[in-house]
Amino acid sequence: MKQITVSVIDPVGLHARPATVAVNAASKFKCEVNVSFKGREVNMKSIMGVMSLGIPTQSEITISCNGEDEDAAIAAIEEVLRTQKIVG
């Protein structure tokens, strides 16, 4: 399992557009991708799951990947989220 902890810097947090970007990035991979916030963990491939966490800006989240393409997944997801200025 690979995981990273990042801070959300998007002004609206991980909601609506930024959540869609995150879900689309995660959905490209076969491995299990989860996001954790305040002790709750959801499937990062589920828009409803991600939005249900209500992650505000300046929050720390942990993204974890577990499966056959976990190395590629964690790198690509982190790159997309940083490029889109969702996490810092």
Exercise. Just for the stretch 43-64: of the residues that are touching a residue at least 40 places away in the same chain (Cβ under 8 Å) and not polar (S, T, N, Q), which one is farthest from THR5 (Cα to Cα)?
Worked result: GLY54
Exercise. Surrounded by fewer than 14 Cβ atoms within 10 Å (Cβ to Cβ) and either modelled with pLDDT under 95 or among the β-branched types (Val, Ile, Thr) (or both): does that describe THR5?
Worked result: yes
Exercise. Within the stretch 30-38, is there a residue that is open to solvent by 60 Å² or more (accessible area, probe 1.4 Å), over 16 Å from ILE4 (Cα atoms) and outside any helix (DSSP H, G or I)?
Worked result: yes
Exercise. Considering the stretch 79-88 alone, what residues qualify as being open to solvent by 30 Å² or more (accessible area, probe 1.4 Å), β-branched (Val, Ile, Thr) and in contact (Cβ under 8 Å) with a residue 24 or more places away in the chain?
Worked result: VAL80
Problem set entry | Qualifying residue in the stretch 44-63 (condition: in contact with an Asp or Glu (Cβ under 8 Å, 6 or more places away or on another chain), part of a strand (DSSP E or B) and closer than 16 Å to VAL8 by Cα) | yes
For this session: Would you point out the residue of the stretch 25-39, among those that are polar (S, T, N, Q) and in contact (Cβ under 8 Å) with a residue 24 or more places away in the chain, that is farthest from ALA72 (Cα to Cα)?
Result: SER36
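For every residue, the table says whether it meets (1) surrounded by 16 or more Cβ atoms within 10 Å (Cβ to Cβ); (2) among the hydroxyl-bearing types (Ser, Thr, Tyr); (3) in contact (Cβ under 8 Å) with a residue 40 or more places away in the chain.
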position	(1), (2), (3)
HIS15	yes, no, yes
GLU41	no, no, no
ASN66	no, no, yes
GLU70	yes, no, yes
ILE77	yes, no, yes
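The values are calculated or read from the model by the stated rules, or taken from the named source; none is laboratory data. The structure presented is a predicted model; accordingly, all values stated were derived computationally and were not measured. Using ideal geometry, Cβ is built from the backbone for each residue, glycine included, and neighbour counts are taken over all protein chains shown. For the accessible areas, the whole protein counts, side chains as well, though only heavy atoms, and no ligand, DNA or RNA atoms are used. Shrake-Rupley method; radii C 1.70, N 1.55, O 1.52, S 1.80 Å.
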